[in-house]
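The values are calculated or read from the model by the stated rules, or taken from the named source; none is laboratory data. Model, not experiment: these values are computed from the prediction. Virtual Cβ from ideal backbone geometry, glycine too; neighbours counted across all protein chains shown. Surface areas here come from the heavy atoms of the whole protein model, side chains and all, with no ligands, DNA or RNA. Shrake-Rupley method; radii C 1.70, N 1.55, O 1.52, S 1.80 Å.
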There are 2 protein chains.
Amino acid sequence: MNKINKPALLLALSLNLAGAIQPVLAQDASTHAAAIADAMPAGYRDWKLVSVAHEEGNLNDIRAILGNDIAIEAYRSGKLPFPDGAIIARIAWQYVPSEENNKAFGREQSFIAGQPTNVQFMIKNSKAYASTGGWGYVQFNGGKPAHMDAHACYACHVPVEQRDFVFTRYSP
Amino acid sequence: MNKINKPALLLALSLNLAGAIQPVLAQDASTHAAAIADAMPAGYRDWKLVSVAHEEGNLNDIRAILGNDIAIEAYRSGKLPFPDGAIIARIAWQYVPSEENNKAFGREQSFIAGQPTNVQFMIKNSKAYASTGGWGYVQFNGGKPAHMDAHACYACHVPVEQRDFVFTRYSP
């Protein structure tokens, strides 16, 4: 016990009794988020494909969801929750018509990926991100970290808590 | 010259003069197509992502274009033509709305991948597929080879001959 700051420990314990241990974990998560937010996970563009989607409205994008090996293995095994170390990447591009493709098809029907919009990551670390369901949430705009409220991300993901807070299903 | 069938050589040469060497190459291509058409290229679902697209109309799908390592390297280097051995896979799924996502977004805007439709491959072999621009074209429905006319595929790809007959651009 000599190496432990006793007053701080007592403070933490008393905070815990008051249900206020959450901010301590949130602080840990912030530290981790800051660490990963400096740069995108190395090699994410080489990760395997989970699935694809299109969002209309303000987003107006077409997107690919990729997973690192830990995430893909978990997806394919169907076992939940995702283990620590799993990272899911969501890349998005502007949703644009392809006149070139339309000519080949003989009708207006083809939409392709235009300029990149942003890239988001869900990073599983059940301890560091305990206050947001075990997942850290980060976004990069033009390769640079964007300031995000991970708790806002988490709040939207709560409806799929039974799938470990992950919306995207694996597409075979 | 002793080991060469002289009448056959003379016939080939005379056919060549008449521009009829093409069917000989087409026959080679058919043989190769039959060989690759028995099964999908191993591990294609693990290949890296080239881009994504959505087709309306009768196709009504959302699709991902993947490439084997040779294809991805060629895409990223920007060098054309694609070298022999390059394979590009186009996976497609039914284009379906996601009520789950729409609830999270608070509006009807989200479309995701449903059931798989079919998988197509472009396989580069400049000799075997000389009659179709150096690419073999095959399709699999439910994992089983579909009977396709590679020349019909090729005809649609001719407008992008300057990109080595490949429509899809790499999305960073």
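A few comments on the model shown:
- Among the residues of segment A:68-98, those identified as within 11 Å of chain B (Cβ to nearest Cβ) and not aromatic (F, W, Y) are A:D69, A:I72, A:R76, A:A89, A:I91, A:A92, A:Q94, A:V96, A:P97, A:S98.
- Taking the conditions (1) over 21 Å from A:E56 (Cα atoms); (2) surrounded by 15 or more Cβ atoms within 10 Å (Cβ to Cβ) in turn, B:Q109 satisfies each one other than (1).
- Long-range neighbours under 6 Å by Cβ, at least six apart or interchain, first residue within 10 Å of chain A (Cβ to nearest Cβ) and assigned to a strand (DSSP E or B) within segment B:102-124, second surrounded by 16 or more Cβ atoms within 10 Å (Cβ to Cβ) and among the small types (G, A, S): B:S110/B:S98; B:I112/A:A53; B:I112/B:S98; B:A113/A:S51; B:A113/A:S171
- If the condition is being in contact with a Lys or Arg (Cβ under 6 Å, 6 or more places away or on another chain), farther than 11 Å from B:N118 by Cα and crowded, with 21+ Cβ neighbours inside 10 Å, then segment B:75-99 contributes B:F82, B:A86.
- Residue pairs whose Cβ atoms lie under 6 Å apart, sitting 6 or more positions apart in sequence or on different chains, and linking a residue in segment B:62-75 that is part of a strand (DSSP E or B) to a partner that is among the β-branched types (V, I, T) and at pLDDT 95 or above, are B:I62/A:V52; B:A64/A:V52; B:A64/B:V52; B:A64/B:I91; B:I65/B:V50; B:I65/B:T168; B:G67/B:V50; B:G67/B:I88.
- Residues of segment B:59-74 classified as farther than 24 Å from A:P172 by Cα and surrounded by 16 or more Cβ atoms within 10 Å (Cβ to Cβ), total: 1
- If only residues of segment B:126-161 that are assigned to a helix (DSSP H, G or I) and more than 11 Å from chain A (Cβ to nearest Cβ) are counted, the one that is modelled with the lowest pLDDT is B:A150.
- In segment B:162-172, of all residues being in a loop (DSSP other than H, G, I, E, B) and open to solvent by less than 60 Å² (accessible area, probe 1.4 Å), the one that is farthest from the other protein chains (Cβ to nearest Cβ) corresponds to B:D164.
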